[in-house]
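Working notes for the structure below.
The values are calculated or read from the model by the stated rules, or taken from the named source; none is laboratory data. Just so we're clear, the structure is a prediction, and the values are computed from it rather than from any experiment. Cβ: placed from backbone, ideal geometry, glycine included. Neighbour counts: every protein chain shown.
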Amino acid sequence: MAWLTLLFSLLLIALGVGGYSYGASRGSASVTALIPAFFGAAFALLAVFAIFKSKLRKHLMHGAVLLSVLGIAGTASGVLKLLQWVGGESPVRPAAVVVQSMMFGLLVLYVVLAVRSFLNARRARQLEAKPSVG
């Protein structure tokens with residue numbers, strides 16, 4: 001799970017830097033375009049600590065999921081604006097809508113994969129704890 005978190009951190013950093021670069025090329029760069037990169041940096045820290053501090057791994061990965069849920073809540077408005085855009089209403093900042101929606105999608109995917117990993121880990125622990133009959 002820590003390596004998956006590291007992968008998602010790189011994707012979020014690339015999304016933030018890409019969004020900022022796009023804005024800079026249009027003469028309208030904003031620090032807010034780097035929000036995905038800031039989330040990615042936090043994910044990277046959590047992942048690196050989880051890789052090297054195995055005793056804290058479970059807590060760090062749960063923290064990454066909590067961070068993801070906060071990010072999902074923060075980017076949900078971008079998805080709503082994307083749906084309005086698809087319906088014909090042009091957004092004021094189309095690039096921001098796209099970046100927010102992509103961040104939302106990445107974070108939802110991360111949460112789904114994390115929950116699946118947590119459930120698999122729990123099942124594995126339960127199987128190890130069962131006494132063998134034989």
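Before moving on, here are some points about what is shown:
- Sole residue being surrounded by 15 or more Cβ atoms within 10 Å (Cβ to Cβ), under 26 Å from R122 (Cβ atoms) and modelled with pLDDT of 95 or more, chosen from L46, L70: L46
- Of the residues contained in the stretch 21-29, none is found to be within 20 Å of the chain's Cα centre (by Cα), surrounded by 15 or more Cβ atoms within 10 Å (Cβ to Cβ) and either among the aliphatic types (A, V, I, L, M) or at pLDDT below 95 (or both).
- For the stretch 84-134, the set of residues classified as hydroxyl-bearing (S, T, Y) and surrounded by fewer than 12 Cβ atoms within 10 Å (Cβ to Cβ) consists of S90, S132, listed by residue number.
- Test: residue in the stretch 31-42 that is surrounded by fewer than 19 Cβ atoms within 10 Å (Cβ to Cβ) and in contact (Cβ under 8 Å) with a residue 40 or more places away in the chain: yes
- Residue match in the stretch 43-54 (condition: more than 16 Å from F8 (Cα to Cα), of a type in the set (K, R) and in contact (Cβ under 8 Å) with a residue 40 or more places away in the chain): no
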